[in-house]
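A short write-up of the structure that comes next.
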Amino acid sequence: MLLAAFEIVGGDSTASWTVHIDGGAAMLKYFKPHGPHVRMLVQFCLSTCVKCITKGEPGPTSIVEWCNSQLGYISRPEQHAFPLVGMVCRLVTIYSAFKKGSYVGIEETMVEELLSLESELDVWESQVPENWTFTIESTTDDVGETMYLGQYHVYQELWTARLYTNYRWARILVNELIWLNISKLPLTEENGRQQRRSLEVVSNMATDIICSISTFFRQHTTSSTKRQNLPPVSAVFLLLFPVAVAGGAIGVSQELHDWAIKILSIIGNTFGTKGLRERWGKGEMDLYFDIA
């Protein structure tokens, strides 16, 4: 797991990162999520899902099986994270099948599966533990370079902020796929309403990802925040994929798109993430994957 993190930050490509992620996933069954290890293992599972998305691979069944087998050992609030991992794994598998053309001609079936997943994700957020709640604040002060339009989120813990970020990029992809596949179906009033709902969800989730960025930089309401107050690199490189998803999502504003590019450049220039500099060095949004 640590080797995988190192490769993302300092490696020249994602090849060795993929090897380390695969190795960690294979060893996951030997880990028991007791005490402080629970959160690390959940984050590892979600990082594995990101790897699968970028490679067009199905969701690893070993992760889902591990999560299901450990639920009896986990106490709330951490227990609530495990269903999210399972839902993200389902999304990864649907996305992989979509990219391989498995849903060609049966787009309605895919839409039904995605709508079910969208409903479950919505319910998951509505049932988060009380100490996972966050507030949305705004300021007119000099907000610095990592705050979007003077808005920011306040979380009780950084770990829950990371969980929300994973939840949000997953929900963006689910609704993008819903919108895209409905566009291949006959135009009906209900299909039109669903596409509008999906675009609204995409916009809301993308905005939430972007407005939560300052949390990871420890920069909220003052411009005097110094770079030495930044969190460890491990808390920042995990933003690369979610920010790329948010900035490249269907229907987001040009302003949000451009701001996402700026944040990716800041992370690359500050932390020396080689792969990031290669992808966004020219100020262009080049997603890890192509939703269409």
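The values are calculated or read from the model by the stated rules, or taken from the named source; none is laboratory data. Just so it is clear, the structure is predicted and the values come from calculations on it, not from any experiment. Here the Cβ is made from the backbone with ideal geometry for all residues, glycine too, and neighbour counts use every protein chain on show.
Listing for the model above:
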read-out	value
Candidates 135, 139, filtered to the one that is of a type in the set (Ser, Thr, Tyr), surrounded by 13 or more Cβ atoms within 10 Å (Cβ to Cβ), farther than 30 Å from residue 193 by Cβ and in contact with a strand residue (DSSP E or B) (Cβ under 8 Å, 6 or more places away or on another chain)	139
Residues of region 12-71 classified as outside any helix (DSSP H, G or I), modelled with pLDDT of 75 or more and small (Gly, Ala, Ser), total	2
Filter result (hydrophobic (A, V, I, L, M, F, W, C) and more than 20 Å from residue 205 (Cα to Cα)) within region 95-126	97, 98, 104, 106, 110
Condition broken by residue 135, with the remaining ones in (1) more than 30 Å from residue 40 (Cβ to Cβ); (2) out of contact with any helix residue (DSSP H, G or I) (no Cβ under 8 Å at 6 or more places or on another chain) satisfied	(1)
Region 143-152: number of residues that are surrounded by fewer than 20 Cβ atoms within 10 Å (Cβ to Cβ) and touching a strand residue (DSSP E or B) at 6+ places or on another chain (Cβ under 9 Å)	3
Output for region 125-143, where each listed residue is outside any loop (DSSP other than H, G, I, E, B) and over 16 Å from the mean Cα position of the chain (by Cα)	126, 130, 131, 132, 134, 135, 136, 137, 138
Output for region 181-209, where each listed residue is among the aliphatic types (A, V, I, L, M) and modelled with pLDDT under 95	185, 187
Among (1) among the hydroxyl-bearing types (Ser, Thr, Tyr); (2) under 19 Å from residue 85 (Cα atoms); (3) within 18 Å of the chain's Cα centre (by Cα), the one test that residue 116 misses	(3)
Looking only at region 74-124, and only at residues there that are of a type in the set (Ser, Thr, Tyr) and assigned to a helix (DSSP H, G or I), the one that is nearest to residue 57 (Cα to Cα)	96
Among (1) at pLDDT below 95; (2) more than 21 Å from residue 45 (Cβ to Cβ); (3) of a type outside the set (Asp, Glu) - the single one residue 155 does not satisfy	(2)
